[in-house]
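S.K.: A single structure is presented below for examination.
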Amino acid sequence: MSVNRLLRVGSVAVASLGVLALSACGSDPEPAGSSSPGSSTSSAGAECPQGTLNAEGSSAQKNAIDEVISKYNEKCADVTVNYNPTGSGAGIKQFNANQVDFAGSDSALKPDEMTAATKRCGGNPAIDLPMVIGPVAIAINVDGVDKFIIDGPTAAKIFQGSIKTWNDPAIAKLNPGVTFPSAPISVFFRSDESGTTENFTKYLKAAGGGAWTGEPAKKWTGTGAGKEKSAGVAEGVKSTKNSITYVEWSYAVDNKLTVAQVDTGSGTPVELSAESAGKALAAAQPAGTGSDLALKLDYATKAPGAYPIILATYEIACTKGLPAEKTALVKSFLSYFASKDGQASLTDLNYAPLPAEIQAKVDAAIQAIS
């Protein structure tokens, strides 16, 4: 079964459980707009502002946000949305430096970043809005291996550098009947500051059984060769035999890499799908307060069928403090991004739509921006 077909099936299955049932959210919020003379009316009848919106950050969401921009412009043709996928760390820095109107980050703002963001927003709070659910794949390129199973301790040892060859007994034990070469393992990591790196190292720390010695961070501290952005590590593995990386799922699929199943200790290795990612996200706990919707994910989950390595890409925005014309643009675009239509456009790109309960909270937070 193709990945897209699997994702569609998974989405339907999860929807039946109420996890990804976006249709249960009620009506689709239209893009919010401005009623000022500078507004225009879209073909759908919604008020659309006019102008240019600039954003920067997470490369994990690049494929998603590019698609959403395209769909949004079918409704609001007079808005130009520019998104520069420089990485989460760079996006936060540019947002806090007042260089972009909102930022994309694969991890929520830390206290020092929130302090800087509040200052950037004119003394008003900034908020983390989970918008794109992007499972992180462990992806490999090994001749003859089209099914690969890995667990937390083995992954931690590979990416730490203590497991060095593909025929290591720990890998063989997890993959009975599979013949691996004696070749060295070539590890690729994100050389830029990356929320994907932070989420992946949170998994290695939580599920690695002590094998991962570093602390979770946007900057990589393990072994390997660095490549910039999600596209860089995916291309590195695609062009290098006997290699491995961690990368947002859609990039692994686009580059036709073998995606690992993860043995979480639940009894059956978990294949990456919309359904398995949704099960992990359903267990997420709130970590923010008020309109800040930061989530706490359980990277060591043993829930049956839950894929543990997921990330939520947040759009970071000011609750207040932007000029009126920018506020109208931010609300319009982010409202569409969070809407039923906006989220549905992500399914065939190997992202999981927001669960209904989270989607409703995100929309409410966006509508409160002023």
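The values are calculated or read from the model by the stated rules, or taken from the named source; none is laboratory data. All figures in this text were calculated on a predicted structure; none of them were measured in a lab. All Cβ positions, even for glycine, are placed from backbone atoms using ideal geometry, and neighbour counts span all protein chains on display. Note: accessible area is taken over every heavy atom of the protein model, side chains too, but ligands, DNA and RNA are not part of it. Shrake-Rupley method; radii C 1.70, N 1.55, O 1.52, S 1.80 Å.
S.K.: Near P269, within a Cβ-to-Cβ distance under 12 Å, what is the net charge of the other residues, with Lys and Arg +1 and Asp and Glu -1?
M.R.: Every neighbour counted, the sum reads -2.
S.K.: If you add up the charges near K238, with Lys and Arg at +1 and Asp and Glu at -1, over every other residue whose beta carbon is less than 12 angstrom from its beta carbon, what do you get?
M.R.: Every neighbour counted, the sum reads +1.
S.K.: Expressed as a whole percentage, what fraction of the accessible surface of segment 304-361 belongs to carbon and sulfur atoms when a 1.4 Å probe is rolled over the protein heavy atoms?
M.R.: 59
S.K.: Using the per-residue mean of other Cβ atoms lying within 10 Å as a proxy for protection, in what order, highest first, do the peptides 310-323, 347-360 fall?
M.R.: Most protected by this proxy first, the peptides run 310-323, 347-360.
S.K.: Going by the alpha-carbon gyration tensor, a ≥ b ≥ c the square roots of its eigenvalues, is segment 231-330 rounded (a/c under 1.5) or, if a/c is not under 1.5, prolate (a/b greater than b/c) versus oblate?
M.R.: Judged from the Cα gyration tensor, segment 231-330 comes out oblate (a/c at least 1.5, b/c at or above a/b).
S.K.: Per residue, how much accessible area does the chain show when a 1.4 Å probe rolls over the protein heavy atoms, in square angstrom?
M.R.: With the other protein chains kept in place, the chain gives 39 Å² per residue.
S.K.: Between V270 and residues 5 or more places away or on another chain, which pairs have amide H atoms under 5 Å apart, with H built 1.01 Å from N, and which residues are they?
M.R.: The list, which skips near neighbours in sequence, is V262, D263, T264.
S.K.: Let me ask something else about it. Rounded to the nearest 0.05, what FRET efficiency do A364 and S70 have when you use their Cβ-Cβ distance and R0 = 25 Å?
M.R.: 0.45
S.K.: What are the ³J(HN,Hα) couplings of segment 268-279, residue after residue, when phi is run through the Karplus curve with 6.51, -1.76, 1.60 and θ = phi - 60°? Round to Hz, x for glycine and proline.
M.R.: The phi angles translate into 9, x, 9, 7, 6, 7, 4, 5, 5, 5, x, 5 Hz.
S.K.: Something else: Helix 3-17 against the longest principal axis of the chain: what's the angle in degrees, Cα atoms only, rounded to the nearest 10?
M.R.: 70
S.K.: Let's see if you can work this out: charge +1 on each Lys and Arg Cβ, -1 on each Asp and Glu Cβ, no other charges. What is the dipole magnitude of segment 232-370 about its Cα centre, in debye to the nearest 20?
M.R.: In debye, rounded to 20, segment 232-370 gives about 180.
S.K.: Using only Cα atoms, locate the centre of segment 115-155 and the centre of segment 215-262, then give the distance between them in Å, rounded to an integer.
M.R.: 12
S.K.: Does segment 159-201 classify as rounded, prolate or oblate by the C-alpha gyration tensor (a ≥ b ≥ c root eigenvalues; a/c under 1.5 gives rounded; else a/b over b/c gives prolate, otherwise oblate)?
M.R.: Judged from the Cα gyration tensor, segment 159-201 comes out prolate (a/c at least 1.5, a/b above b/c).
S.K.: Just to check I understand the Karplus step: with θ = phi - 60° and J = 6.51 cos²θ - 1.76 cosθ + 1.60, what whole-Hz values come out for segment 345-356, glycine and proline as x?
M.R.: 5, 8, 4, 6, 9, 6, 10, 9, x, 5, x, 4
S.K.: Taking 45 Å as R0, compute the FRET efficiency from the Cβ-Cβ separation of S266 and A324 and round it to 0.05.
M.R.: In this case the efficiency is close to 0.30.
S.K.: Here's a follow-up. Can you tell me how segment 167-287 classifies by the Cα gyration tensor, rounded, prolate or oblate, using a/c under 1.5 as the rounded cut?
M.R.: rounded
S.K.: So, one more: Any chance you could give the angle, 0 to 90 degrees and rounded to 10, that helix 229-238 forms with the longest Cα principal axis of the chain?
M.R.: Between helix and principal axis, roughly 30 degrees.
S.K.: Which net charge results when you count Lys and Arg as +1 and Asp and Glu as -1 among the other residues whose beta-carbon is under 15 Å from that of L295?
M.R.: Residues near L295 contribute -2 overall.
S.K.: If you don't mind, another one. Ordered by residue, what ³J(HN,Hα) values in Hz, to whole numbers, does segment 73-90 give under the Karplus form 6.51 cos²θ - 1.76 cosθ + 1.60, where θ = phi - 60° and Gly and Pro are x?
M.R.: 5, 5, 8, 10, 6, 8, 10, 9, 10, 9, 10, 10, x, 8, x, 4, x, 5
S.K.: What value, in deg cm²/dmol to 500, does the helix sum -39500 (n - 2.57) over DSSP H runs of n ≥ 4 give at 222 nm once divided by the residues of the chain?
M.R.: After summing the helix terms and dividing by the residues of the chain, the value is -10500 deg cm²/dmol.
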